[in-house]
1. Leaving out ligands and nucleic acids, note down the accessible area per residue over the chain with a 1.4 angstrom probe, in whole Å².
2. What pairs in Lys47/Lys83; Lys83/Lys167; Lys47/Lys163; Lys26/Lys47 have C-alpha atoms more than 23 Å from each other?
3. If the only charges are +1 at each Lys and Arg Cβ and -1 at each Asp and Glu Cβ, what is the size of the charge dipole of the chain around the Cα centre, to the nearest 20 debye?
4. Quick check on packing: order 80-86, 37-43 by the mean number of other C-beta atoms within 10 Å, highest mean leading.
5. Using a 1.4 angstrom probe with every protein chain in place, what is the largest-first accessible-area order of Leu1, Leu125?
6. For the chain, list log₁₀ I(q)/I(0) at each q in 0.08 Å⁻¹, using the Debye formula over Cα point scatterers of equal strength and ignoring solvent, two decimals each.
7. Leaving out ligands, DNA and RNA, what percent of the accessible area of the chain is carbon and sulfur, probe 1.4 Å?
8. Quick one: ranking Ile178, Ile31, Ile54, Ile11 by accessible area, 1.4 Å probe, largest first, what do you get?
Amino acid sequence: LGIDAQGYIHISYNQHASQLCYRRSKSHWSIDTWSDEQNMTGYYEDKVTYPTFISPTPGKIGNISLYFLYRDGTPGGGEARLKWLNSETGSWTDVETPLLSGSQCKPWLAGPYWNHPVIDKDGYLCLSFMWHCPSTEDERVNNNHLSYARFTQDFQFWETQAKHCLKLPITPLTNEVILA
């Protein structure tokens, strides 16, 4: 559930590696009437899991009214993706490059799992996350490395806690490990 800057309520539901289920309220601050189920952008919406709406700090990051963070893909090889809602046009835009990617790792695959993202006092989206790595030998799953990143306002780079730039997508090999 998310509420944009104009007071429209957005919901995503029934998601586990499935087609995006998304609706928006038809009136400000009302749950009485909803849009039909719809796409946001139509891209990267076939295998959605862990939908998370995030409200930015008003006025800190241009015309962004709401973020939508989600995993695209499967537990053993997914990507964390981000969309943002333009407060002026009411349309969603994809950040084209995945934020976190375990599907591009070799020789193993991993799935990114994040804790609840937050917006800091300066308007940056902060994310702590770990990597879920399935074992092919005995079907065990290993959760590896508590990591941290926050994005810069131009969406092009994420930075570490020490403010070193990370190029997207961040992978288990390129992330900053806070706790191994």
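1. 52
2. Lys47/Lys163; Lys26/Lys47
3. 260
4. Answer by packing, highest mean first, reads 80-86, 37-43.
5. The residues order as Leu1, Leu125, largest area first.
6. -0.25
7. Carbon plus sulfur share of accessible area: 51 percent.
8. Ranked from most to least accessible, the order is Ile31, Ile178, Ile11, Ile54.
The values are calculated or read from the model by the stated rules, or taken from the named source; none is laboratory data. As the structure is a computational prediction, the values presented were derived from the model and not from experiment. FYI the Cβ positions are ideal-geometry reconstructions off the backbone, even for glycines, and counts take in every protein chain you see. Ligands, DNA and RNA are excluded from the accessible area calculation, which covers all protein heavy atoms including side chains. Shrake-Rupley method; radii C 1.70, N 1.55, O 1.52, S 1.80 Å.
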